[in-house]
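Worksheet: the structure to be examined is printed underneath.
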Amino acid sequence: MEDASRYYTLLRDPARRKIIETLGEQGKIGFKELRENLGLGVGTVYYHLDMLSDFLTQDKQRKYKLNDRGLLLYKSLKDASLPPTLEVGEAFSHRLGRWLFLSPVFVKTARPERLLPISILVLVFGAVGSALANIDSMLFFYFPFTAYEFETVVALFLFNWIGLFLFSDLLIYLLYRRVGGDFQLFTCLGIAAFPLALFPYVYMIVSYDVARYLLFPLQIWSLLLLSSAFCFGKGLRLDKSIVVSLTIIYLNVIMLMILGRFP
């Protein structure tokens, strides 16, 4: 086996260790049974399976089992060739990244009903803020001096994010054939909206010239959170999640160009 430190990111999560151990002991297992054993949400289980994809394979019944590398990893775990807890110091950059992506928050969406009220509150917070600030919201972008009534601005903000949920769900299916976890995905997307939901209140405090420069880092942060939402809500690896996020923001820009909102 290679040095244990190379497996730190992979095996530091107990759920992934349990998957390897379960498959090593049982030989093969279906997704539904595995999810019940882990007690995790659909998207979270898919995420862990994706992270372990180099060690797993599926038979004709689509049941998961260990490949040759997975069997070697399981043997090392069983023989204690790898430390049982992999106590490796967590670098500051890793801790910063976890909070930048709000991983400790998103991981709690495995039980989405717990965070759904907060997710909805974030969306309502942003919608009301847009109406109070009298600005148009078009997903990742804002434009000053809306001509719409208060209720219409609120409805448009909510419509944007509900539309994002439906579109991203379809896009992820088309690109990666990933299904299920819709409840968790919706909860995650509401949380990912927080930076952009915060902007209207910033806009009301500072001048527009200052606010438009502050919008950019909030857009970047929300883009990162969107990628994190796809990781936890649909179980995609971060590289795949970023592809979906970038596709969405590019389409957002193209739509604005078609509408004449960008020069």
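Per-residue packing, averaged as other Cβ atoms within 10 Å, sorts the ranges 15-24, 206-215, 225-234, 67-76 into the order 225-234, 15-24, 67-76, 206-215, beginning with the highest.
Going by the alpha-carbon gyration tensor, a ≥ b ≥ c the square roots of its eigenvalues, is segment 163-229 rounded (a/c under 1.5) or, if a/c is not under 1.5, prolate (a/b greater than b/c) versus oblate? Note, shape of segment 163-229 comes out prolate. Going by neighbour counts of Cβ atoms within 10 Å, the residues R62, R12, R114 line up, fewest first, as R62, R114, R12. In this structure, the residue pairs whose Cα-Cα separation is over 24 Å, taken from K75/K108; K18/K234; K28/K108, are K75/K108; K28/K108.
For segment 181-223, backbone nitrogen atoms closer than 19 Å to the point 7 Å from E36 Cα along Cα-to-C-beta are found at 181. In plain terms, the chain from E113 to R261 could stretch by 49.5 nm, reckoned as 0.36 nm per residue minus the Cα-Cα distance.
Per the Debye formula on identical point scatterers at the alpha carbon atoms of segment 98-148, with no solvent, log10 I(q)/I(0) at q = 0.13 Å⁻¹ is -0.46.
Please state the shape class of the chain: rounded when a/c is under 1.5, otherwise prolate if a/b exceeds b/c and oblate if not, all from the C-alpha gyration tensor. Verdict is prolate for the chain. Taking the chain as a Gaussian network of alpha-carbon nodes connected by springs under 10 Å, the highest mean-square fluctuation of the residues A155, A110, A193 belongs to A155.
A short reminder: the numbers here are calculations on the coordinates, not readings from a lab. Remember, it's a predicted structure, so these values are computed and weren't measured experimentally. Backbone-built Cβ (ideal geometry, glycine too); neighbour counts: all protein chains shown.
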